[in-house]
Amino acid sequence: MSTPGLNPPTFQQTDLSQVWPEANQHFSKEIDDEANSYFQRIYNHPPHPTMSVDEVLEMLQRFKDSTIKREREVFNCMLRNLFEEYRFFPQYPDKELHITACLFGGIIEKGLVTYMALGLALRYVLEALRKPFGSKMYYFGIAALDRFKNRLKDYPQYCQHLASIAHFLQFPHHLQEYIEYGQQSRDPPVKMQGSITTPGSLALAQVQSQQPGVPKAPQPGQPSTLVTTTTTTTTVAKTPTIARPTPSTFKKDVPPSINTTNIDTLLVATDQTERIVEPPENVQEKIAFIFNNLSQSNMTQKVEELKETVKDEFMPWVSQYLVMKRVSIEPNFHGLYSNFLDTLKNPEFVKMVLNETYRNIKVLLTSDKAAANFSDRSLLKNLGHWLGMITLAKNKPILYTDLEVKSLLLEAYVKGQQELLYVVPFVAKVLESSLRSMVFRPQNPWTMAIMNVLAELHQEHDLKLNLKFEIEVLCKNLSLDINDLKPGTLLKDKDKLKKEAKPPEEMLPVSTGGFLDFNQMPVLRPTGDFVPFAAPPSTPAVTTTPCTTTGPPTPQFSYHDINVYALAGLAPHININVNISLLQAHPQLKQCVRQSVERAVQELVHPVVDRSIKIAMTTCEQIIRKDFALDSEESRMRVAAHHMMRNLTAGMAMITCREPLLMSIATNLKNSFAAALRAPTPQQREMMEEAAARIAQDNCELACCFIQKTAVEKAGPEMDKRLATEFELRKHARQEGRRYCDPVVLTYQAERMPEQIRLKVGGVDPKQLAVYEEFARNVPGFLPSNDLSQPTGFLAQPMKQQAWATDDVAQIYDKCMADLEQHLHAIPPALAMNPLTQALRSLLEAVALARNSRDGIAALGLLQKAVEGLLDATSGADADLLLRYRECHLLVLKALQDGRAYGPQWCNKQITRCLIECRDEYKYNVEAVELLIRNHLVNMQQYDLHLAQSMENGLHYMAVAFAMQLVKLLLVDERSVSHVTEADLFHTIETLMRTCAHSRANAPEGLPQLMDVVRSNYEAMIDRAHGGPNFMMHSGISQASEYDDPPGLREKAEYLLREWVNLYHSAAAGRDSTKAFSAFVGQMHQQGILKTDDLITRFFRLCTEMCVEISYRAQAEQQHNPAASAAIIRAKCYHNLDAFVRLIALLVKHSGEATNTVTKINLLNKVLGIVVGVLIQDHDVRQTEFQQLPYHRIFIMLLLELNAPEHVLETINFQTLTAFCNTFHILRPTKAPGFVYAWLELISHRIFIARMLAHTPQQKGWPMYAQLLIDLFKYLAPFLRNVELNKPMQILYKGTLRVLLVLLHDFPEFLCDYHYGFCDVIPPNCIQLRNLILSAFPRNMRLPDPFTPNLKVDMLSEINIAPRILTNFTGVMPSQFKKDLDSYLKTRSPVTFLSELRSNLQVSNEPGNRYNIQLINALVLYVGTQAIAHIHNKGSTPSMSTITHSAHMDIFQNLAVDLDTEGRYLFLNAIANQLRYPNSHTHYFSCTMLYLFAEANTEAIQEQITRVLLERLIVNRPHPWGLLITFIELIKNPAFKFWSHDFVHCAPEIEKLFQSVAQCCMGQKQAQQVMEGTGAS
């Protein structure tokens, strides 16, 4: 164990006798045989006696502790043999090695070996695992390790060795967990059950999968039982051996026999391919069982079973199993399996089966074709029959890229008889199925071409008889007479054969797949034997030219080279060869050339153009009408028509005019030459003939191109005329707002066309469009062009548009692609190969794909890719790249969310579904989820429910940790996600709170603290009972974002609302609209609105939306017509809003029984929730255009309606106020800043304040109102802290001061009780705001005048009474900190408490934000209250003498000395916050402040104390009483030597300031005395 570095030889040469004394004995033959017989049973298969690994281990356990000596000997012998055998393990076949590994691991697991032997066993496994990843012995190690993984915690050192293996990270994930925790002598917290997949476990599963179930009737040539042959080695006295499974022993369980079909070749090849995810053994058994029992009668049932049993990820394995283990050896059941595929209706699976079929065919075609290998030939025939059945018989082609049948035959012919023995029966079996095909049945050209090659083979004299027989049988099956076939001469043409099929020596090596390597297939195209149009026989001159013999000449001109607007366009391109002897002798004859060419063109151009256009037009029109019948885009149709027309016309013109042009040019030249030379000699005549032929040949191409282009230019407008009505129909449909499609064609396509070639409604398939683009690129007679944008002169303008549709979706995709490309260009080259960059390229491809198909499925695929891409991104990458990566993914999702594409509702629903369904390993990426939520891409209601469920009541640790992070990010850190409220995460918070309550002791770290923060934010408001009022409100908020209303509901709601508004404003409405209401309820019943809660909820939502909409419209009117008075506009809005509010109030009042308050309150909460939900959504969508008016009016009027002096309302008044408080808290300014002014008006409304703070008994409304003020301060804090008071903030700040003044005047006790909570959230620099709060004192108290000379504070009656503080200030203290603090206050231990205090309070090094202010405030108040209690317990009262020399003062003095300037300022502020009206706190902290001044060891501390007191005094009144008496004592009492300090006199203006403050505090005379007296002394 301690020497892991031993080399393999050392391992294998270990002398077992030293390690294992018991095994160092000679065992008798009987013992040895018995031991071997047990081993044999492990490897056997039925019907031979078998034992499972577990049974053997159980037996060994028994034998080990047995009292019978013989059994102990068998035990020792078996283990000795197993260890000795280790060196032979690499020679075992996969399956047997896997069994042995399980046995070996089991021995360690069960503790059957100990000490040295155990060490050796562990070393063997370690050594095996060190072998290269993927090797046989590596898999042995993995299987063994998996068996004893639960013991790893006992061997921590061994786990360290395992973890240091180079490829440790490639171990199965669950084993990595066991090893990592094993190093700490622990089991993983969650014992993951991973399945291990090794070649051996695969092989074992395959063998086992053939055992269960009822076997089918054996076919001829197949053994009815699985026979196993095993050989046992004989025992040699010296070295006992066991029955070792060797590859020959376990030859796949089938004795070699001519009659059996042996799939070894396929199995071996499969082992070398990439591994497929394989299902667990029990699933494999079920699959085998399904196929074993499959029949026509139970087909549907078995298909359903398969769907239930097998997950999608295992389908590739099923396809391999079906093809290799079933189809290849069971030809009689091919029909059954084919029907099975049809019934399954899974196109993906059919594709897998087809690919697997081709793969196995490839394996067999490239395997070693020995003469006696009947098995492979039989397999190949079976696979051929199957291939035909799943392709040709179902009208699907065998694609050229997959298998070129004709070339296969020719190649086999070149290779010789042996190859033909394989290929001919295979091809015959494939073609057999063509009879059942509508498309490929005989006389189909493809089928007949192959039949003709077979017929030609049949004529070969030395062809084996059995192959001839195969061909004849095929002809009979296809009802063809072999004599009627037309055998060609392919086999005779040796050159042709060399091209068609490479001879053996040129073949690729077999290992790469030979000709059937699907990536390197010979591309066969029609070559010289195919000339589209033969030359007419009446042109003897032409036969001598090379033109006809080589097919069409190579194009010389590109389309744009030639100008066809006049014949003069030919002149620049005319080619005259300088070497022509006639022109060398008579240069003047060159002038004849141009005239001759132009004349020839002029003669031919009109007839050729007309004929070409006429023929091409008819063809083109028919095909375009067919292809684009269901396409609503005329621009796409027009472009395609021009591309095709251009191509066909040019081709038609070329073949019509080339030969006549050659003749015409040559004849014109000869006539011109003859005229010029007058009487030419025979020699000149010969030269003329030669020159004319040569020049005609050189310029024929030019003349031809001129005529072709003329025809093409004329064809475009003609085509437009032909299709004009088609274009019009499409435009017309679009104007009417519908999508055009030809209904006749639609019906025909749906009923008659197979799926593969059926036209779809919408854009034409990209593959089809590619054909038209190809037409544009390769115009016959011209050089290929990649420029699609300029096909012809007249078309130049429209072609600047995309050759695609110009619909909105396409534009959105295009913009998205352009933005993505821009991002990709901006990525530095160094990061080009980064996985994130590659993922972005892949994302761009996905967008392009979705753009081309533009259907919902492609969009959904793109959306999933974008969501998973976001979730998969880790933050470890380059920060800029990660930012860009996220930006790109959001860009795609936002594009899909666009209203012109798929809209937010569909999009958010699908994104949420992706989040819910994606895999656990990246489901919990909190940054990505927060990003999606922040960008309004998630349906929060659905996601919240899912998150709550996935926590499994706190048992799913990852989900709980994730939920905590998310709640903290979205609701506690108050980041930029303002639109998320606690309503959106209602169920999540509820589950977290439940988890926290149930597992207080061992709750996840940080959960109790998080819940405390959440609770402090919301708990003042709520009862979280499920189904309670608060639940109603939150469900109302979430239902406000549901839009899939029942059809007609909106119209009903609109009608009812209109009716109600009219009733409300009518004279007959009755007092408080009661008469109108009873009539209206009848109407609501009639319309079915009151049937269900859901319909009522939807009704309120629709009414709220309509009222808000009317307000927006009215306010928009005012913008268009500024003359309209604001009052009139407002009245217009109120006309509807007030009526709606009255309806709500009446429904609340009259819902349920008169005494049933629950129904009333639930309804009120639901309605308020809906209004809040509509407001939040409106606020997020309209942003700066948001209007507060309608919402403000609804809330204020409803508040007034429900606080009317009526008995029924009085009974529910507290619950009503609670509901409004909850509402206002959810709409707090940080969440809805656009609503802040209306919000402040609502919370400061006299009725609301009076009800909350005065009328509600037992001050039950106080904590809720305090929370609303805290919400206000929290919003103001960042602006006040940074002194960013622009105009809007100044207005808000003034409003806040006014509210506080009202409270100070009317409800001072409220400010007294909550002063701590308010000061906690007000920034330190807001002095006047804080003074307002701290100046409050109970109304029943008379404050002694602080300026009274010789005022004895400690003699006041109130000074020993503690004030009431209703804030839980210790809640912010971390539990350990509080524990240490309490301990220190009692016993002054731990001694390190004081030295660590500063680091506990400090949170960062950023100036201005270094300290946790809340913790400092809590610490100061807590220590102070404890000190007071301590002093009282000793029977005295706080004073300068009693507060000293205690643990409490030690803490304060330590803070004064140890903190830096920023920290000390905050600390002193916390003390000054307690200097209020006369009470024990004020007295204690006043003494403390003075004591710290007196005892300060530096003037800096004294200066800072002065600053804290002074800055609170030099602002406008009011000033807190405690502050004044402290400062007066400081400057008046000579003991503090205040006036002798340098900082008092450091500058004249400072000195003046102190003097004026002193005069204000003590009066001029006394101040003068004090200053002078101190100065004098």
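Before moving on, here are some points about what is shown:
- Stretching the chain fully between F133 and I857 yields a gain of 256.7 nm (0.36 nm per residue, less the alpha carbon separation).
- The angle between the Cα long axis of helix 1447-1458 and the main principal axis of the chain comes to about 60°, on a 0 to 90 degree scale.
- Restricting attention to the range 632-782, lysine pairs at least eight places apart or on different chains and with alpha-carbon atoms under 28 angstrom apart total 9.
- Under 13 Å from the Cα of K1352 - aspartates and glutamates, other chains or at least 8 residues apart: E1529
- Cα gyration tensor shape of the range 1272-1324, rounded if a/c is under 1.5, else prolate or oblate by comparing a/b with b/c: oblate
- The aspartates and glutamates whose alpha-carbon is closer than 15 Å to the alpha-carbon of K1160, local same-chain residues fewer than 8 away aside, are D1093, E1201, E1206, E1210.
- Extension reserve of the K721-M1289 stretch, reckoned as 0.36 nm per residue once the Cα distance is removed: 197.7 nm
- With a Förster radius of 56 Å applied to the beta-carbon distance between E1054 and Q602, the computed FRET efficiency rounds to 0.15.
- Summing charges over neighbours of C159, with a neighbour being any other residue whose Cβ is under 9 Å away from its Cβ, gives 0 when K and R count +1 and D and E count -1.
- Here the range 1158-1278 exposes an accessible surface that is 57 percent carbon and sulfur, computed with a 1.4 Å probe and the other protein chains kept in place.
- Here the chain is treated with +1 on each Lys and Arg Cβ and -1 on each Asp and Glu Cβ, and its dipole about the Cα centre works out to around 1520 debye.
- If you take all other residues with their beta carbon under 13 Å from the beta carbon of Y943, and give Lys and Arg +1 and Asp and Glu -1, the sum is -1.
- Dipole of the chain computed with +1 at Lys/Arg Cβ and -1 at Asp/Glu Cβ about the Cα centre; of P1263, P199, I1361, farthest Cα towards the positive end is P1263.
- Whole-Å distance, taken between Cα centres, linking the range 901-974 and the range 1321-1395: 43 Å
- Inter-site label distance for H1432 and E689 at 7 Å from Cα along Cβ, in nm: 13.8 nm
- Centre-to-centre separation between the Cα atoms of the range 1469-1534 and those of the range 1250-1309: 26 Å.
- Proximal aspartates and glutamates to K590, defined as alpha-carbon separation beneath 18 angstrom and excluding residues fewer than eight positions away on the same chain: E598, E686, E689, E690, D698
- Hypothetical label at H1135: residues of the range 1096-1111 whose amide nitrogen lies under 17 Å (7 Å Cα-Cβ projection): 1106-1111
- Checked against a 30 Å cut-off, the cross-linked pairs K1274/K1378; K302/K396; K95/K406; K923/K1274 give Cα-Cα distances beyond that limit for K95/K406; K923/K1274.
- Shape category assigned to the chain from the gyration tensor of Cα positions, a/c cut at 1.5: oblate
- Helical mean residue ellipticity (222 nm; -39500 (n - 2.57) per DSSP H run of 4+; nearest 500) of the chain: -19500 deg cm²/dmol
- Sequence ranges 88-94, 720-726, ranked by mean other-Cβ count within 10 angstrom, highest first: 88-94, 720-726
- Under the simplified labelling scheme, the Q417-V473 pair shows an inter-label distance of 2.0 nm, with each label point 7 Å from Cα along Cα→Cβ.
- Across the chain, Cα pairs under 8 Å and at least six residues apart give a relative contact order of 4 percent.
- Rounded to whole Hz, the Karplus (6.51, -1.76, 1.60) HN-Hα couplings of the range 177-185, x for glycine and proline: 4, 4, 5, 4, 6, x, 4, 9, 6
- Given K136/K307; K429/K626; K968/K1386; K311/K909; K468/K492; K131/K153, the pairs whose alpha carbons are separated by over 26 Å: K136/K307; K429/K626; K968/K1386
- Classification of the range 334-375 by its C-alpha gyration tensor yields an oblate form. The axis ratio a/c (a ≥ b ≥ c) is 1.5 or more, and b/c is at least a/b.
- Here the Karplus relation 6.51 cos²θ - 1.76 cosθ + 1.60, evaluated at θ = phi - 60°, turns the backbone of the range 812-827 into coupling constants of 4, 4, 4, 4, 4, 5, 4, 4, 5, 4, 4, 4, 5, 5, 7, 6 Hz, with x for every Gly and Pro.
- Peptides 706-716, 670-680, 1540-1550, ordered by how many other C-beta atoms sit within 10 Å of their residues on average, highest first, read 706-716, 670-680, 1540-1550.
- Ordering 1365-1373, 1461-1469 by mean Cβ neighbour count within 10 Å, with the highest value first, yields 1461-1469, 1365-1373.
The values are calculated or read from the model by the stated rules, or taken from the named source; none is laboratory data. Not measured: the values here are computed from a predicted model. Here the Cβ is made from the backbone with ideal geometry for all residues, glycine too, and neighbour counts use every protein chain on show. Just so you know, the surface numbers come from the protein's heavy atoms only, side chains and all, with ligands and any DNA or RNA stripped out. Shrake-Rupley method; radii C 1.70, N 1.55, O 1.52, S 1.80 Å.
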